[in-house]
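J.: Could you have a look at this structure, given as structure tokens, before my questions?
The values are calculated or read from the model by the stated rules, or taken from the named source; none is laboratory data. Source: prediction; values computed, not measured. Ideal geometry is used to build each Cβ from the backbone, glycine not excepted, and the neighbour counts take in all protein chains shown. For the accessible areas, the whole protein counts, side chains as well, though only heavy atoms, and no ligand, DNA or RNA atoms are used. Shrake-Rupley method; radii C 1.70, N 1.55, O 1.52, S 1.80 Å.
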Amino acid sequence: MVLPCLLVAAVIALYGPLVRFPYVQDDWRLIHRFMFGHTGQVIGEMLSPAGRFFYRPLAGVYFLCVYRLFGLDAAGFHILSLLLLAGSALGVVALAFRLTGDRAAAWGSGFLFAGAANVQFEPQMWMVGTYDTGAVFFSILCLLALLHGRYRLSALAMAAALACKESASLLIVAAAVWIALLEKGGTASKLEWHGAVFLVFAAARLAGISPFSLPAADPYAARLLGGHVLTNAALYGTWAIQAVTPLKNIAFTEAQGRAALVLAACAPALAALIAALAARRGQLHAGTGMKAGVCIVVWFLMMLIPPLTLKAHIVRYYLVAALPPLAIGVMLALASLARVTFRSPRVPAVLCALFVAGCLGDALVMTETKMSLARADGVHSTSHDGDNHLVRKATVVKETRASLQALLPGPPPHTVIWMEGVETGCFEGRYGLQAWYRDSTLLLAKTVSEAADSGGLVNAVLTKEDPGQTLPAVVAVPARSVVHVREEDGTMILVRDSVDGRR
């Protein structure tokens, strides 16, 4: 029980500090929907794939349950997310041991997966990150059940993974290869339930909007071919190497990024070759060898292909689906190489432990760095950064909400809150504002021209996340109901003046 407890403790040490942060960004749109929508209608919309770009019914129902249980207190969500990550890490251990028979490599894989802070951090920061972490958890369960001959349970887990996120759409390919290589006979019959699940999922997606049909300029547009695939591969290759090495706090140059891509592409294949050599010498479990290595490579590629096709939406946490095979491959290669090189049976375990300790220490440094830079100015996400900087954004949400409710504990209905110098996208603009006060009539403005005109007040403002939203033009609200909130020197202040600037 020592190692499982240590693994759970590592997860808590790395991501436990996030429990104190509130919901952030996209979360507020969901909470607003749950708060002001009819529950039956909301669930119906989640379950219907018609006209939907994202079809993730299981994750949606989970979010609704989290809101009903904990309301606006995000601590409950964070704790559940920690449990989900710990469960996935333990699943990686079980799967790696079943696949390789190497205890050191198996436990090292679990710790390496949990310690990939540059990838795991953001899914732990916001509720919508459960799209990714949920899909990973059920993907691991799918393959683990497959190796135990529980084919219907495996198919059910695959259905759950697909109902969390589309990143699991190629999981059936990995399952087919695993069955073909690791078991004898009856491949098709063992996957008949998986095939039925995939057909249902494909039919649901046909009823929705495909990313391949979107205009090239759309952030979620996907194309199978093009220069973006190589660009994405270089970026994800860089982040992959950082995830499984003590290099998370080092910024790679473009040339180093290309080298990292080569390493990331070769690492699984190298793991397969080294494992095969060790198995032939009788230094690994009889079931471990080239076949197990190929299974790991196929799983890694099937999880990596979906994010590579996106033309403009490049974020680190999309790599989380490929982390389990990557972690298993790296630790299998390290343990196998040690067994081939050294005769002592203790050396592989010691080397794996030292390597994992270095990775976890580096991850702790990264966590502390993110916390200390939470309020750093001028930190914005870019395509080559791949970081949404959610700690900083959540800090903005926390401080804005506390200051606003202290300054304005109970605004009357139809109040226009004019915010100046506040990054309102951190709480999805009016969605977060209305959720905080439980008042769907409150409106938000960021400039004086949006706050008032000669006959009344402009009815809200379009946030960057809603570029095409249609709003009524004017609502007759007295000037006294305009609340001007401004940030000066990091402090929220309330300026009780009219919209023309007179105090």
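J.: Quick one: which residues, 5+ away or cross-chain, put their amide H under 5 Å from the amide H of A74? H built at 1.01 Å from N.
T.: Residues meeting the criterion, in which the H sits 1.01 Å from N, are Y23.
J.: Now for a different question. What list of ³J(HN,Hα) couplings, whole Hz, do you get for the range 236-242 from phi and the Karplus terms 6.51, -1.76, 1.60, once you set θ to phi - 60° and write x for glycine and proline?
T.: 5, x, 4, 5, 5, 5, 4
J.: Same structure again: Each label point is 7 Å from the Cα along the Cα-to-Cβ direction; what then is the distance between the points at A13 and T441, in nm?
T.: In this crude label model, A13 to T441 measures out at 5.4 nm.
J.: Something else: In debye, nearest 20, what is the charge dipole magnitude of the range 1-153 about its Cα centre with +1 on Lys and Arg Cβ and -1 on Asp and Glu Cβ, if you could check?
T.: My answer is approximately 340 debye.
J.: Enumerate the calculated ³J(HN,Hα) couplings along the range 345-357 in order (Karplus 6.51 cos²θ - 1.76 cosθ + 1.60, θ = phi - 60°), each rounded to whole Hz, writing x wherever the residue is Gly or Pro.
T.: In residue order, the calculated couplings are x, 7, 4, x, 5, 5, 4, 4, 5, 5, 5, 5, 4 Hz.
J.: Would you please classify the overall shape of the range 1-108 from the alpha carbon gyration tensor, given that a ≥ b ≥ c denote the square roots of the eigenvalues, rounded means a/c under 1.5, and beyond that prolate means a/b larger than b/c while oblate covers the rest?
T.: Values: a/c = 3.49, a/b = 1.79, b/c = 1.95.
Oblate.
J.: Counting alpha carbon pairs within less than 8 Å and at least 6 residues apart, what relative contact order, in whole percent, applies to the range 1-154?
T.: 30
J.: Let me ask something additional. Taking square-rooted eigenvalues a ≥ b ≥ c of the alpha carbon gyration tensor, is the range 73-160 rounded, prolate or oblate, where a/c under 1.5 means rounded and, failing that, a/b exceeding b/c means prolate?
T.: Details: a/c = 2.72, a/b = 1.37, b/c = 1.99.
Since a/c reaches 1.5 but b/c is at least a/b, the shape of the range 73-160 is classed as oblate.
J.: Which ³J(HN,Hα) values, rounded to whole Hz and listed in residue order, are derived for the range 84-97 from phi using the Karplus coefficients 6.51, -1.76 and 1.60 in 6.51 cos²θ - 1.76 cosθ + 1.60 with θ = phi - 60°, glycine and proline given as x?
T.: 5, 5, 4, x, 5, 5, 5, x, 4, 4, 4, 5, 5, 5
J.: Taking Cα centroids, how far is the range 83-144 from the range 296-350 in Å?
T.: Rounded to whole Å, the Cα centres lie 12 Å apart.
J.: So, by mean Cβ neighbours within 10 angstrom, what's the order for 169-181, 219-231, 91-103 with the highest one leading?
T.: Top of the packing list down: 91-103, 169-181, 219-231.
J.: How large is the direction-averaged shadow of the alpha-carbon convex hull of the range 1-41, in nm²?
T.: 5.0
J.: Might you report the magnitude of the Cβ-based charge dipole of the range 144-205 about its Cα centre, with Lys and Arg at +1 and Asp and Glu at -1, to the nearest 20 debye?
T.: Working: 6 positive and 3 negative charges, 16 e Å.
Once rounded to the nearest 20, the dipole reads 80 debye.
J.: Give the long-range amide H neighbours of A445: residues separated by 5 or more places, or on another chain, with amide H under 5 Å away, using H modelled in the peptide plane at 1.01 Å from N.
T.: Placed amide hydrogens put I417, W418, M419 under 5 Å from A445.
J.: Still on this structure, please answer the following. Which of the peptides 201-213, 156-168 is most tightly packed, and how do the rest follow, judged by the mean count of other Cβ atoms within 10 Å per residue?
T.: Working: 201-213: 13.6, 156-168: 24.0.
By packing density, highest mean first, the sequence is 156-168, 201-213.
J.: Also: I'd like to compare 5-18, 320-333: which one has the highest average count of other Cβ atoms within 10 Å, and what's the full order after that?
T.: Details: 5-18: 17.7, 320-333: 27.9.
The peptides rank, most packed first, as 320-333, 5-18.
J.: What percent does the relative contact order of the range 1-83 come to when contacts are Cα pairs within less than 8 Å and at least six residues apart? Write down the numbers at each step before the final one.
T.: Working: 35 pairs, mean separation 36.5, N = 83.
For the range 1-83, the relative contact order is 44 percent.
J.: Carbon and sulfur: what percent of the range 105-239's accessible surface (1.4 Å probe)?
T.: 73
J.: Return one whole number: the accessible area per residue of the range 105-230 in Å², for a 1.4 Å probe. Walk me through the intermediate numbers first.
T.: Values: 4810 Å² over 126 residues.
For the range 105-230, the solvent-accessible area averages 38 Å² per residue.
J.: Express in whole angstrom the spacing between the alpha-carbon centres of the range 155-204 and the range 1-49.
T.: Value for the Cα centre distance between the two parts: 26 Å.
J.: For the range 318-357, which whole-number percentage of the solvent-accessible area (1.4 Å probe, protein heavy atoms only) is attributable to carbon and sulfur atoms?
T.: 69
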